[in-house]
Amino acid sequence: MTASPTTNRFTRLLSERPWLLADGATGSNLFDMGLMSGDAPELWNTEHPDRISTLHQSFVDAGADIILTNSFGGTTYRLKLHHAQSRMAELNTAAARIARSVADASGRTVVVAGSMGPTGEIMEPVGPLTHDEAKAAFAEQALALAAGGADVLWIETMSSREEVEAAVAGAAVANLPIVCTLSFDTNGRSMMGISPSDFAGIEQTLSPRLAACGSNCGTGASEMVACIHNLAQAMAPEVVLVAKGNCGIPQYVDGSIVYNGTPELMSVYAKMALDAGARIIGGCCGTSAKHLRAMKEALDAHTKGPGPTLDQVVSALGEVSAGARAQWGGELSRAGGAAAGANLKRGSGRRGGSASNAT
């Protein structure tokens with residue numbers, strides 16, 4: 001039986017607290033635990049459930065109010081790459097059960113968020129995946145996550161309007177609150193050309209409406225804070241914003257990808273994200289329990305103040321993209337935020353916004 005809005009852990013915590021701490025990275029931390037590049041993390045829900053539980057526990061111990069299930073690639077489309085599409089329900093339900101067990105043993109209210117990432121397919125009109133096909137894939141994943149005990153469905157790292165609409169419509173069948181975050185990782189826009197302002201318009205048309213929305217992943221802490229500022233300027237004031245930024249900038253070191261963000265940098269990011277308008281703050285790629293603990297301590301000691309200026313963000317966290325900078329100043333056209341040398345004539349039609357992604 002699905003929890004009612006008054007008993008749902010996620011909506012209750014949101015109503016009681018000024019901010020919530022979401023967890024850190026799944027994939028990059030699992031690589032540190034032995035996951036090999038190219039392997040499906042979701043298979044570990046049955047092969048190594050103890051390791052998934054250990055990761056969740058590390059985030060809970062660090063103070064996370066929300067932990068995301070190990071199910072980012074849990075649609076049949078993504079699992080098909082590993083010949084595991086027939087195990088979709090099993091792997092997603094197992095992911096939620098592992099997280100639920102850790103949350104319930106914590107001694108406090110910890111929300112289990114059912115992670116739902118992109119299908120990896122290109123949707124119509126550019127690609128072959130139809131709205132109904134995508135909606136069905138997200139619906140079956142949502143039901144499996146709900147069966148395992150998820151409190152909220154967490155659609156993340158989206159880039160196109162079409163997939164956002166299909167994912168939200170599919171997730172609705174589980175009758176749980178829905179969160180959706182885009183990755184604005186291409187000069188202040190998503191890979192498919194959506195800006196924070198565009199997302200604000202899309203959010204108003206979704207059915208059901210989202211319990212929270214925002215951004216995850218991206219290109220670093222400074223860009224995430226700029227994105228939250230730009231979302232806050234465009235969204236209605238009652239919209240709950242989510243910031244789940246990468247831990248600094250990825251670098252290739254000794255044959256592997258590492259992130260240069262320190263606990264100190266992530267602490268500053270967390271406070272600036274709160275001041276910029278986010279109510280749910282966490283970390284994405286590269287964010288460990290050590291980083292998250294520092295963020296928790298910083299937020300506990302911080303009194304929300306006015307939003308930071310762009311100069312303050314850049315000074316504390318690093319430079320932002322030309323696109324994000326233009327949007328901060330109110331210039332929302334593709335040309336206004338284009339990087340030097342960008343070809344703004346590429347692309348046409350509904351997806352023509354991809355032309356703005358040249359950096």
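Assorted remarks:
- Across segment 265-292, the number of residues qualifying as open to solvent by less than 60 Å² (accessible area, probe 1.4 Å), not in a helix (DSSP H, G or I) and not hydroxyl-bearing (Ser, Thr, Tyr) comes to 9.
- Looking only at residues in segment 293-308 that are touching a residue at least 40 places away in the same chain (Cβ under 8 Å), assigned to a loop (DSSP other than H, G, I, E, B) and not charged (D, E, K, R), the one that is surrounded by the most Cβ atoms within 10 Å (Cβ to Cβ) is Pro308.
- Taken over segment 71-116, the criterion of being hydroxyl-bearing (Ser, Thr, Tyr) and either closer than 25 Å to Thr11 by Cβ or buried (at least 24 other Cβ atoms within 10 Å of the Cβ) (or both) is satisfied by Ser71, Thr75, Thr93, Ser101, Ser106, Thr109, Ser115.
- Among the residues of segment 236-264, those identified as surrounded by 22 or more Cβ atoms within 10 Å (Cβ to Cβ) and outside any strand (DSSP E or B) are Asn246, Cys247, Gly248, Gly261.
- Residues of segment 309-359 that turn out to be assigned to a loop (DSSP other than H, G, I, E, B), open to solvent by 40 Å² or more (accessible area, probe 1.4 Å), closer than 19 Å to Asn246 by Cβ and at pLDDT 95 or above, as a count: 1
- Cβ-Cβ distances below 8 Å connect the following pairs, each with a first residue in segment 125-151 that is among the hydroxyl-bearing types (Ser, Thr, Tyr), a second residue that is open to solvent by less than 70 Å² (accessible area, probe 1.4 Å), and a separation of six or more residues or different chains: Thr130/Met123.
- Residue check for Ala166: assigned to a helix (DSSP H, G or I) and farther than 21 Å from Cys285 by Cα: yes
- Members of segment 164-183 found to be under 17 Å from the mean Cα position of the chain (by Cα) and open to solvent by 10 Å² or more (accessible area, probe 1.4 Å), listed by number: Glu165, Pro177
- Qualifying residue in segment 241-259 (condition: modelled with pLDDT of 95 or more, hydrophobic (A, V, I, L, M, F, W, C) and touching a Pro at 6+ places or on another chain (Cβ under 7 Å)): no
The values are calculated or read from the model by the stated rules, or taken from the named source; none is laboratory data. Quantities reported herein were computed from a predicted structural model and do not represent experimental measurements. Heads up, the Cβs are rebuilt from the backbone with ideal geometry, glycines too, and the neighbour counts pull from every protein chain shown. Areas reflect the complete protein model, heavy atoms only, side chains present, ligands, DNA and RNA absent. Shrake-Rupley method; radii C 1.70, N 1.55, O 1.52, S 1.80 Å.
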